[in-house]
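Each remark here refers to the structure printed beneath this line.
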Amino acid sequence: MAVAVNSAVKARQSDIAALKTLAKQAGEAAQLLKLLGNEKRLLILCFLAVRGEMTVGEIVDVVKLSQSALSQHLAKLRADGLVAFRRNSQTLHYRVADKRALRMLQVLKDIYCGDIK
């Protein structure tokens with residue numbers, strides 16, 4: 001009985017420590033969720049996660065946004081480090097640059113897409 005109580009106490013202490021860590025990073029987590037909370041930004045990140053890298057023109061075609069609207073979304077994602085780009089002449093190639101965002105996208109894919117690969 002004492003072993004079970006000790007295990008429960010240790011588990012509770014571990015949970016409390018994890019919550020204290022989360023409390024320190026809650027603002028960062030909320031910002032990530034805020035960026036993912038916009039349908040178009042979520043789609044942009046999903047396509048980039050699946051395809052690896054896309055040009056602005058390719059993203060415009062699949063997300064169905066004007067280039068100016070897409071540029072605004074990409075600017076927000078860049079500002080928070082979720083995406084990065086490389087320039088090839090006049091063409092910009094975007095990719096997901098944040099591992100936390102990739103993990104969240106994988107969780108969303110698992111929940112909403114099931115067995116789709």
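The values are calculated or read from the model by the stated rules, or taken from the named source; none is laboratory data. Computed from a predicted structure; not experimentally measured. We place every Cβ from the backbone using ideal geometry, glycine too, and count neighbours over all the protein chains shown.
Just a few scattered comments:
- Where a residue in region 1-22 is at pLDDT 65 or above and its partner, wherever it lies, is not basic (Lys, Arg), with Cβ under 8 Å and at least six apart: LEU22/ALA29
- In region 31-41, the residues that are surrounded by 11 or more Cβ atoms within 10 Å (Cβ to Cβ) and without any contact (Cβ under 8 Å) to a residue 40 or more places away in the chain: LYS34, ASN38, LYS40, ARG41
- Restricting the first member to region 78-97 and to residues that are under 16 Å from PHE47 (Cβ atoms) and free of Cβ contacts under 8 Å to residues at least 24 places away in the same chain, and the second to residues that are part of a loop (DSSP other than H, G, I, E, B) and among the small types (Gly, Ala, Ser), the beta-carbon pairs closer than 7 Å and six or more apart or on different chains are ALA84/ALA97; ALA97/GLY81.
- Just one of the listed residues (VAL107, VAL56, VAL83, VAL62) is among the aliphatic types (A, V, I, L, M) and loosely packed, with under 12 Cβ neighbours inside 10 Å, namely VAL107.
- Helices (runs of 4 or more DSSP H) contained entirely in region 14-117, each with at least 2 residues that are of a type in the set (Val, Ile, Thr): 39-51, 56-63, 99-113
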